[in-house]
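Asks: Sharing a structure here in structure tokens format.
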């Protein structure tokens with residue numbers, strides 16, 4: 001039976017990407033992504049909500065993210081969901097992350113040349 005695990009998001013970085021390392025020494029980049037939603041309530045009032053996502057990028061994509069992404073940048077992220085599970089003080093905890101396979105800058109700062117626009121696809125690990 002076919003299955004699909006895919007996420008596409010457009011949002012702003014909540015903080016600069018941070019380099020982290022696995023226990024085996026493999027490097028990855030992690031950053032938060034804020035995705036804003038607006039709608040009108042039944043009474044016609046404008047409503048707004050921000051959803052926050054934790055994104056991890058691996059390999060060459062991690063290096064690109066660490067070099068080019070900064071807090072506030074508008075980016076497109078295409079990836080998959082990954083749920084982590086761990087035990088702490090006798091309690092089971094869960095966290096769902098986005099494993100990025102593609103990250104594309106959607107805005108350009110005035111001081112940046114056009115060739116900084118980067119879209120990189122990374123094969124899933």
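The values are calculated or read from the model by the stated rules, or taken from the named source; none is laboratory data. In this text, all values refer to a predicted model and were calculated from it rather than measured experimentally. Cβ placement follows ideal geometry from the backbone for every residue including glycine, while neighbour counts extend to all protein chains displayed.
Asks: In contact (Cβ under 8 Å) with a residue 40 or more places away in the chain and either exposed (fewer than 15 other Cβ atoms within 10 Å of the Cβ) or over 12 Å from the mean Cα position of the chain (by Cα) (or both): does that describe residue 73? Full working, then the answer.
Replies: Numbers: in contact (Cβ under 8 Å) with a residue 40 or more places away in the chain: yes; either exposed (fewer than 15 other Cβ atoms within 10 Å of the Cβ) or over 12 Å from the mean Cα position of the chain (by Cα) (or both): no.
No.
Asks: Another question, then. Looking at 42, 29, 23, 19 in this structure, which one is loosely packed, with under 14 Cβ neighbours inside 10 Å, free of Cβ contacts under 8 Å to residues at least 60 places away in the same chain and in contact with a helix residue (DSSP H, G or I) (Cβ under 7 Å, 6 or more places away or on another chain)? Spell out the reasoning first.
Replies: Working: 42 fails: in contact with a helix residue (DSSP H, G or I) (Cβ under 7 Å, 6 or more places away or on another chain); 29 fails: loosely packed, with under 14 Cβ neighbours inside 10 Å; 23 fails: in contact with a helix residue (DSSP H, G or I) (Cβ under 7 Å, 6 or more places away or on another chain).
Criteria check complete, one pass: 19.
Asks: Let me ask something else about it. Looking only at strands (runs of 3 or more DSSP E) that fall completely inside the range 69-125, which ones have 1 or more residues that are touching a strand residue (DSSP E or B) at 6+ places or on another chain (Cβ under 6 Å) and at pLDDT 95 or above? First the steps, then the outcome.
Replies: Numbers: elements: 74-88, 91-105, 119-121.
Fully inside the range 69-125 and qualifying: 74-88, 91-105.
Asks: Which of the residues that make up the range 13-31 are over 10 Å from the mean Cα position of the chain (by Cα), within 15 Å of residue 68 (Cβ to Cβ) and part of a strand (DSSP E or B)? Before you say what the answer is, go through the steps one by one.
Replies: Applying the first criterion (over 10 Å from the mean Cα position of the chain (by Cα)) to the range 13-31 yields 15-16, 18-28.
Remaining after also requiring within 15 Å of residue 68 (Cβ to Cβ): 15-16, 18-19.
Those that are over 10 Å from the mean Cα position of the chain (by Cα), within 15 Å of residue 68 (Cβ to Cβ) and part of a strand (DSSP E or B): 18, 19.
Asks: Could you please let me know if residue 57 is in contact with a helix residue (DSSP H, G or I) (Cβ under 7 Å, 6 or more places away or on another chain) and either outside any loop (DSSP other than H, G, I, E, B) or at pLDDT 95 or above (or both)? If you could, list the steps in order and put the result at the bottom.
Replies: Values: in contact with a helix residue (DSSP H, G or I) (Cβ under 7 Å, 6 or more places away or on another chain): yes; either outside any loop (DSSP other than H, G, I, E, B) or at pLDDT 95 or above (or both): yes.
Here the answer is yes, as residue 57 does meet what is asked.
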